[in-house]
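Can you read through this structure? Questions will come right after.
Laboratory data are not the source of any read-out in this text; all were calculated from the coordinates shown. Please read these numbers as outputs of a predicted model, since none were measured by experiment. All Cβ positions, even for glycine, are placed from backbone atoms using ideal geometry, and neighbour counts span all protein chains on display.
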Amino acid sequence: NKRSLSGSAIREICNDKFGNLWVGTEDAGVNKISPNGDFTAFIPDGSKTSIAHTNIHGLKAIGDELWIGTYEQGLDILDIKSGKVIRHYDKGDAPNALKSNFVDCFYQTRSGDILVGTADGLHRYNTSTSDFTLIKQFPQDFHYTAIIKHADGTIWTATIGVGLLYFNTKTN
């Protein structure tokens, strides 16, 4: 039906500045619910501008972009206005590449930094070079599932299997 989600295993929900609600599923991609109640499904179709996978683990609207973290298929950046993927990142061996294709979570700090939690490290997105830097204060071989930064400068991260980790950026 036109007014239903494409999947039933809901993993993530976020909103954007345009009033849309975005729903990431683990079984059928991403759905957009517009302010007037229209539903649009984003399912991989093999094209360069479609999302990479149906199993979504992270969603974050940042400006005009929707950041989409997938299970083992990397990171997609979707242009909200056009509904097309405009950038895709896979893990790589280069120093400033993602170290995992399992992208689980995102957080944007008040200063605009974008933090990306993966199954192999916590990364900071470098906007000037469109690549990533591992945040060395957090062990690389941990799986990060949630990120938040407190007003006192402390970055808190949830992990699978090793609990809660934190680092204060003001006091080191």
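Count charges around Val116 for me, please; just the other residues with Cβ under 12 Å from its Cβ, Lys/Arg as +1, Asp/Glu as -1.
On the way: positive: Lys60, Lys91, Lys99, Arg124; negative: Asp104, Asp113, Asp120, Asp131.
That sum, taken over residues with Cβ under 12 Å, equals 0.
Another one. Mind checking which aspartates and glutamates have their Cα closer than 13 Å to the Cα of Lys170? Skip sequence neighbours fewer than 8 apart in that chain.
Asp152
For Ile135, what residues show an amide H to amide H distance below 5 Å, using hydrogens built from the backbone and excluding near sequence neighbours?
Amide H neighbours of Ile135, under 5 Å, 5+ apart: Leu122, His123, Arg124.
Still on this structure, please answer the following. Taking the Cα centre of the chain as the origin, how large is its charge dipole in debye, to the nearest 20, when only Lys and Arg (+1) and Asp and Glu (-1) carry charge on their Cβ atoms? Show your work: numbers first, answer last.
Numbers: 17 positive and 19 negative charges, 85 e Å.
It comes to approximately 400 debye.
Now, a different point. Normalising by the residue count of the chain, find the relative contact order in percent from Cα pairs under 8 Å and 6+ residues apart. Mind showing how you got there, number by number?
Values: 445 pairs, mean separation 19.2, N = 172.
It rounds to 11 percent for the chain.
Same structure, new question: Among Phe39, Phe18, Phe102, determine the one that fluctuates most according to a GNM of the chain built with springs between C-alpha atoms less than 10 Å apart.
Phe18
Cα centroids of region 1-69 and region 114-151: how far apart, whole angstrom?
Comparing the Cα centres of region 1-69 and region 114-151, I get a distance of 23 Å.
Moving on. Name the long-range amide H neighbours of Asn55: under 5 Å, sequence gap of 5 or more, or other chain; modelled H, no Pro or chain starts.
Gly29, Tyr71
Got a sec to turn the phi values of region 4-17 into Karplus ³J(HN,Hα) couplings, 6.51 cos²θ - 1.76 cosθ + 1.60 with θ = phi - 60°, whole Hz, x for Gly and Pro?
3J(HN,Hα) across region 4-17, in whole Hz: 8, 6, 7, x, 10, 9, 7, 10, 9, 9, 8, 10, 10, 6.
Given points 7 Å out from each Cα along the Cα-Cβ axis, report the Tyr166 to Lys136 separation in nanometres with one decimal.
2.4 nm
Can you check what the net charge comes to around Ile147, using other residues whose Cβ is under 12 Å from the Cβ of Ile147 (Lys, Arg +1; Asp, Glu -1)?
Values: positive: Lys60, Arg124, Lys149; negative: Asp104, Asp113.
Summing Lys and Arg as +1 and Asp and Glu as -1 gives +1.
Rounded to whole Hz and in sequence order, give me ³J(HN,Hα) for region 68-78 from the Karplus expression 6.51 cos²θ - 1.76 cosθ + 1.60, θ = phi - 60°, writing x for Gly and Pro.
Running phi through 6.51 cos²θ - 1.76 cosθ + 1.60 with θ = phi - 60° gives 10, x, 10, 7, 6, 10, x, 10, 10, 10, 9 Hz.
In whole Hz, with x marking every Gly and Pro, tabulate ³J(HN,Hα) for region 24-32 from phi via Karplus 6.51 cos²θ - 1.76 cosθ + 1.60, θ = phi - 60°.
x, 10, 8, 10, 7, x, 10, 10, 10
Take the chain, connect every pair of alpha-carbon atoms lying under 10 Å apart with a spring to form a Gaussian network, then pick out the residue of Asn36, Asn101, Asn55 with the largest mean-square fluctuation.
With Cα springs under 10 Å in the chain, the top fluctuation among Asn36, Asn101, Asn55 is at Asn36.
Past 25 Å, Cα to Cα: identify those pairs from Lys60/Lys149; Lys17/Lys136; Lys17/Lys84; Lys48/Lys136; Lys32/Lys136; Lys84/Lys149, in the order given.
Working: Lys60/Lys149 15 Å; Lys17/Lys136 32 Å; Lys17/Lys84 17 Å; Lys48/Lys136 32 Å; Lys32/Lys136 35 Å; Lys84/Lys149 30 Å.
From the list (Lys60/Lys149; Lys17/Lys136; Lys17/Lys84; Lys48/Lys136; Lys32/Lys136; Lys84/Lys149), the Cα-Cα distance tops 25 Å for Lys17/Lys136; Lys48/Lys136; Lys32/Lys136; Lys84/Lys149.
If every alpha-carbon in region 28-117 counts as one equal scatterer, what log10 I(q)/I(0) does Debye give at q = 0.22 1/Å?
Listed by q, the Debye log ratios stand at -1.14.
Once amide H atoms are built 1.01 Å from N in the peptide plane, which residues 5 or more positions from Ile80, or in another chain, come under 5 Å H to H?
Correct list: Glu65, Leu66.
Return the inverse of the average 1/r over all pairs of distinct C-alpha atoms in the chain, which is the Kirkwood hydrodynamic radius, in Å to one decimal. Mind showing how you got there, number by number?
Details: mean 1/r = 0.0611 Å⁻¹.
Mean inverse Cα-Cα distance, inverted, gives 16.4 Å.
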